[in-house]
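The values are calculated or read from the model by the stated rules, or taken from the named source; none is laboratory data. Note that the structure is predicted; figures quoted are calculated from it, not measured. Keep in mind that these areas ignore ligands, DNA and RNA; they rest on the heavy atoms of the full protein, side chains included. Shrake-Rupley method; radii C 1.70, N 1.55, O 1.52, S 1.80 Å.
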Amino acid sequence: MATLPIKTDIETIPFEEITIGNYKDILQRRLGTILDSLVETRIIAFEKIKQFQEKLKKKKTYKTLSLSVGDLVLEYCSDRDNIYDDKFSSQWKGLFIVNKVLNNSSYILQDQYGTIFNDRPVHGTQLKKYYKQPDWLLVVVILTQMISKNQV
């Protein structure tokens, strides 16, 4: 005989004739089973919450940069996070200079032209240090070879 899942989840008290004398006893037993299942459910929920919180702790840690005033940085474009059709465009914008260091690892930036963005501090996890490439001196060497009349 097949049983439905619902029948296994809900505990029922065997049917008894309800009289005035045994009504309180039946009610107390039923409330006891309901409260016991409630306590078990709360314990299971508490354990699952703890497991999930531990999982979140292990998930991803962001390293914060220790930047100083005058460092060159790039800012992460979080508005391009879920755009998949433009995957070859850069996720970083601008070339900014750190203008001011705030106490919670946030920074006030200024662009190359001197405009200071006081109204939008940027957290250190959204910045990447920019390393300026060394200035290379372009040297072009043109080799000329004299062709003698004998080689022709």
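Against the criterion of solvent-accessible heavy-atom surface with a 1.4 angstrom probe, 108, 49 sort, most first, into 49, 108. Here residue 139 sits with roughly 100 square angstrom of accessible surface, probe radius 1.4 Å. In order along the range 96-101, phi translates into HN-Hα couplings of 10, 10, 5, 9, 8, 9 Hz, rounded to whole numbers, per the Karplus curve 6.51 cos²θ - 1.76 cosθ + 1.60 with θ = phi - 60° and x for Gly and Pro. Checking the Cα-Cα distances for 57/132; 55/128; 57/129; 50/93; 58/129 against a 31 Å cut-off, the pairs over it are 57/132; 50/93. Using θ = phi - 60° in the Karplus curve 6.51 cos²θ - 1.76 cosθ + 1.60, the 3J(HN,Hα) couplings for the range 123-136 round to 6, x, 6, 9, 10, 9, 5, 9, 9, 5, 6, x, 6, 8 Hz; x is entered for Gly and Pro.
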